[in-house]
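*Asks:* The structure follows.
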Amino acid sequence: MSIRDVYIVDAVRTPIGKFGGALASVRPDDLAAHVVKALVDRTPDLDPARVDDVYFGDANGAGEDNRDVARMAVLLAGLPVSVPGVTLNRLCGSGLEAVIQAARAIALGDASVVLAGGVESMSRAPWVLQKPERAFPAGHQQLHSTTLGWRMTNPKMPAEWTVSLGEGAEQVADKHALTREQQDAFALASHRQAADAWARGLYDGEVVPYDGVELTRDECVRDSTSMEALAKLKPSFRPDGTVTAGNASPLNDGAAALLLVDEEGLRACGREPLARIRTSAVTGIEPQLFGLGPVEAVQRALTKAGRTFADLTTFELNEAFAAQSLGCLAEWPELDPAVVNPRGGAIAIGHPLGASGARLAGAVAHQLAAAGSGTGLAALCIGVGQGLALVLER
């Protein structure tokens, strides 16, 4: 059996909204439907009935994104009811996992045209109540927030594994002796690069604002922030720590989606592809050191592609925390930092969990198309200790 080439024809995303912000009134299934419909509308030569499947990442799935949000997006977007949908969960890597799984289906000949993406509304993530072990308990019951992080943790898990995400970032900072000033400087650069990219119109071709919501650019980008402003923020996880709200990604709402095809699907679309998918890799690491998860995954993906860091035109590395990103960069001494997140990263743009991986893959594809040729990489750290990477080429 021959392996088919897989192309990214287009990639779109919503502007990323802040927690409780402009997109907080929008259901996650509606956010997902919006980017699905936008992709189809932007490729008028493609008969929507030719879409073989829709893969969507979603990290929580405890609220309005329940009942297979990918299938809900298909129906809400007005695609034919014959188009199926599947929802995937690899926590922060869910959106990228959706792209990888979709590409795998096409490469193996199981599909020709697939939509892949991710969605998250952290604003609308509900509180959940566990069922009592027996009927009619007399005591109080606890509600658990599903917005982020550990909840209803299995007591069999070692305590060192189940620390908060922020504490895990502090441990990465300890491991690599990263100072507060280094982390704040990294965060400042993220905001400045994102603000510059928006000012230059570099996101105009991929961002599709949600109808009826007054949000046309990423809501958390701070054009005027400074080292002085960041230095005033108190540590969030340790009294004497280095991780703050300013050098960590915020809580966010948003969705992203990509159109993936084989050669036959490419002809049906009547469009030039942005990029071609080359290889991917996933790895595991100690859960508390999740931030360093991409280190080995990236190296494996590049090796499988027959590429090195020197070959990279662009590298979208998810900025869950400045400490986490700097920790990864410290373990890739041969990587030129100038190719990393040239249009800003998640500290500024935002990190809507299930959508982020799809946003990164789409960003790499658009950047390669703008460059005309090259090799690109998208990678994320993942809670509970995993790393995920995808290599694209043009």
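*Asks:* Residues of region 212-234 being without any contact (Cβ under 8 Å) to a residue 40 or more places away in the chain and either open to solvent by less than 70 Å² (accessible area, probe 1.4 Å) or in a loop (DSSP other than H, G, I, E, B) (or both), which ones?
*Replies:* Those that are without any contact (Cβ under 8 Å) to a residue 40 or more places away in the chain and either open to solvent by less than 70 Å² (accessible area, probe 1.4 Å) or in a loop (DSSP other than H, G, I, E, B) (or both): 212, 223, 224, 225, 226, 229, 232, 233, 234.
*Asks:* When only residues in region 201-211 that are closer than 19 Å to residue 191 by Cβ and either in a loop (DSSP other than H, G, I, E, B) or among the basic types (Lys, Arg) (or both) count, which is most open to solvent (accessible area, probe 1.4 Å)?
*Replies:* 202
*Asks:* Would you point out the residue of region 266-290, among those that are touching a Phe, Trp or Tyr at 6+ places or on another chain (Cβ under 8 Å) and part of a helix (DSSP H, G or I), that is surrounded by the fewest Cβ atoms within 10 Å (Cβ to Cβ)?
*Replies:* Out of the qualifying residues, it is 266.
*Asks:* For region 90-119, enumerate the residues that are part of a loop (DSSP other than H, G, I, E, B), open to solvent by 50 Å² or more (accessible area, probe 1.4 Å) and either touching a strand residue (DSSP E or B) at 6+ places or on another chain (Cβ under 7 Å) or within 17 Å of residue 46 (Cβ to Cβ) (or both).
*Replies:* Of everything in region 90-119, just one residue is part of a loop (DSSP other than H, G, I, E, B), open to solvent by 50 Å² or more (accessible area, probe 1.4 Å) and either touching a strand residue (DSSP E or B) at 6+ places or on another chain (Cβ under 7 Å) or within 17 Å of residue 46 (Cβ to Cβ) (or both), namely 91.
*Asks:* I would also like to ask the following. Please enumerate the residues belonging to region 72-87 that are assigned to a loop (DSSP other than H, G, I, E, B) and either within 14 Å of residue 28 (Cβ to Cβ) or in contact (Cβ under 8 Å) with a residue 24 or more places away in the chain (or both).
*Replies:* First, pick out the residues of region 72-87 that are assigned to a loop (DSSP other than H, G, I, E, B): 77-85.
Selection gives 77, 78, 79, 80, 82, 83, 84, 85.
*Asks:* A follow-up question, please. Only one of 166, 149 is under 22 Å from residue 322 (Cα atoms), in contact (Cβ under 8 Å) with a residue 60 or more places away in the chain and surrounded by fewer than 16 Cβ atoms within 10 Å (Cβ to Cβ). Can you tell me which?
*Replies:* Of 166, 149, the one residue that is under 22 Å from residue 322 (Cα atoms), in contact (Cβ under 8 Å) with a residue 60 or more places away in the chain and surrounded by fewer than 16 Cβ atoms within 10 Å (Cβ to Cβ) is 149.
*Asks:* Pull out all pairs, ordered by first then second residue, where Cβ-Cβ is under 8 Å, the residues are six or more apart or on different chains, the first lies in region 88-109 and is farther than 28 Å from residue 149 by Cβ, and the second is assigned to a helix (DSSP H, G or I) and at pLDDT 95 or above.
*Replies:* What qualifies is 106/265.
*Asks:* Quick one: in region 291-309, which of the residues that are in contact (Cβ under 8 Å) with a residue 40 or more places away in the chain and not in a helix (DSSP H, G or I) is most open to solvent (accessible area, probe 1.4 Å)?
*Replies:* Ranking the candidates gives 307 first.
*Asks:* Residues being among the hydrophobic types (A, V, I, L, M, F, W, C) and surrounded by fewer than 16 Cβ atoms within 10 Å (Cβ to Cβ): count how many of those fall in region 76-85. Talk me through it step by step, then tell me what you get.
*Replies:* Going through region 76-85, the residues among the hydrophobic types (A, V, I, L, M, F, W, C) turn out to be 76-77, 79, 81, 83.
So of that shortlist, the ones also surrounded by fewer than 16 Cβ atoms within 10 Å (Cβ to Cβ) come out as 81.
Of the residues in region 76-85, 1 are among the hydrophobic types (A, V, I, L, M, F, W, C) and surrounded by fewer than 16 Cβ atoms within 10 Å (Cβ to Cβ).
The values are calculated or read from the model by the stated rules, or taken from the named source; none is laboratory data. Predicted model, so just to flag it, every value in this text is computed and none were measured. Virtual Cβ from ideal backbone geometry, glycine too; neighbours counted across all protein chains shown. Protein only, heavy atoms only, side chains kept; ligands, DNA and RNA dropped before computing areas. Shrake-Rupley method; radii C 1.70, N 1.55, O 1.52, S 1.80 Å.
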